[in-house]
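Asks: Quick one: structure below, then a few questions.
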Amino acid sequence: MFPASANRPIDANLKNIVTEIEAENPNLSVFAARQFRYNLLQNTIELTIREPRQFNILEEFIIRAGIEFETPPTADELAAILGLDSVFVNSTISTLQSLQTLTVQSTITVTPEGRLFYEKGTVPQPPYTVQIYAVTDYLEDKITVKTESLNDVTVKLPDLANFVKVKHKHIDISSYSLEQLQQIIQDSALTFHLPEQGKIVIAFKVITGVSVFWKTIYLFVIFDASKETLNIQLRSGKRILEPASNWLNSLLNESKISLETLFDLSDESINFQRKAILQQKQDPRLLGEIGDLRNSPDAKNR
């Protein structure tokens, strides 16, 4: 835990999170915390969907007659049996033909697909299209799909890409297979592809190019006194991004990023603070003697 009087480069908007981190684990001390922005890439996609609906009484009778009658009936025979106008019966038969559940020459024949739907009590509807948005997040290394576009808002924060060599990996969603996109839709908890209910995404296409949107990210430098280790932690809100944090720490260990550049946190200041915390851990009575870290080399220059 950091002494309360410590002078640390911590963004005012992140003080509550810093307090929570240190309160949850007394061995952790946040040396620095700063907000950055990074970009998300978005494509607009058109899905083609097919799903069934419950059939009505007349549709059920027509299909049932085509399956169960020993001699398949004609449309006029069905109209006579039901006491309905043949125009009405023919119209319903035409609808079922368009849904590929019936074939009609002189008599009614139910297709194999029509038999499957009949067993479920449904008939297929004509395919329809919806528009969704595929978002590539390189820090989380994943694609998600959403029903609404990201908001085009101005984020007045430093771009993480100006401090860290990042690979803006744009995934060409049009190169994905239909099965891959179906899985992404399910992983994103959207209800456009529900095979168990007969609702199927049968095709897709990208209808706009790539758009760029900005997202805020939080970076923390955290010292663990129990392990005597210093690590960068990356968060989206309060959620820790473990893979991205590990990636940044590997860059730090390889001297490919600088804490002084990212946080205005020099090696001299880090060593001073580490020593103070470890001394405090060994002898809590030293808190009064070392608590005022405003006399650290970096603090004097601020």
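The values are calculated or read from the model by the stated rules, or taken from the named source; none is laboratory data. Just so it is clear, the structure is predicted and the values come from calculations on it, not from any experiment. Positions of Cβ are backbone-derived with ideal geometry, glycine not excepted, and every protein chain shown enters the neighbour counts.
Asks: Could you count how many residues in region 65-86 are within 48 Å of the chain's Cα centre (by Cα) and surrounded by fewer than 17 Cβ atoms within 10 Å (Cβ to Cβ)?
Replies: Number of matching residues: 1.
Asks: A follow-up question, please. So, of the residues in region 187-196 that are loosely packed, with under 14 Cβ neighbours inside 10 Å and touching a strand residue (DSSP E or B) at 6+ places or on another chain (Cβ under 8 Å), which turns out to be nearest to Val123 (Cα to Cα)?
Replies: Among them, the one singled out is Thr191.
Asks: Then there's this: Being over 30 Å from Leu234 (Cα atoms) and within 24 Å of the chain's Cα centre (by Cα) is the requirement here; does Ile200 meet it?
Replies: It is true that Ile200 is over 30 Å from Leu234 (Cα atoms) and within 24 Å of the chain's Cα centre (by Cα).
Asks: Return the total of residues in region 124-146 being assigned to a strand (DSSP E or B) and within 19 Å of the chain's Cα centre (by Cα).
Replies: Total satisfying the criteria: 13.
Asks: Quick one: which of Leu194, Leu219, Leu160 is among the hydrophobic types (A, V, I, L, M, F, W, C) and more than 30 Å from Lys275 (Cα to Cα)?
Replies: Leu194
Asks: Could you tell me whether any residue of region 50-58 is touching a residue at least 40 places away in the same chain (Cβ under 8 Å), surrounded by 15 or more Cβ atoms within 10 Å (Cβ to Cβ) and polar (S, T, N, Q)?
Replies: no
Asks: Could you list, in sequence order, the residues of region 87-121 that are surrounded by fewer than 16 Cβ atoms within 10 Å (Cβ to Cβ) and among the small types (Gly, Ala, Ser)?
Replies: Ser91, Ser94, Ser98, Ser106, Gly121
Asks: Give the number of residues within region 6-58 that are in a strand (DSSP E or B), of a type outside the set (Val, Ile, Thr) and more than 30 Å from Gly198 (Cα to Cα).
Replies: 13
Asks: Can you find a residue that is surrounded by fewer than 12 Cβ atoms within 10 Å (Cβ to Cβ), free of Cβ contacts under 8 Å to residues at least 40 places away in the same chain, acidic (Asp, Glu) and within 25 Å of Arg235 (Cα to Cα) anywhere in region 148-162?
Replies: yes
Asks: Looking only at region 90-119, filter to residues that are assigned to a loop (DSSP other than H, G, I, E, B) and modelled with pLDDT under 90; which one of those is farthest from Arg50 (Cα to Cα)?
Replies: Checking each candidate, the answer is Ser106.
Asks: Hey, another quick one. Which condition from (1) in contact with a Ser or Thr (Cβ under 8 Å, 6 or more places away or on another chain); (2) assigned to a loop (DSSP other than H, G, I, E, B); (3) of a type in the set (D, E, K, R) is the one that Glu70 breaks?
Replies: (1)
Asks: All but one of (1) of a type in the set (A, V, I, L, M); (2) over 28 Å from Phe192 (Cα atoms); (3) touching a residue at least 40 places away in the same chain (Cβ under 8 Å) hold for Val130; state the number of the condition that does not hold.
Replies: In the conditions (1) of a type in the set (A, V, I, L, M); (2) over 28 Å from Phe192 (Cα atoms); (3) touching a residue at least 40 places away in the same chain (Cβ under 8 Å), Val130 misses (2) alone.
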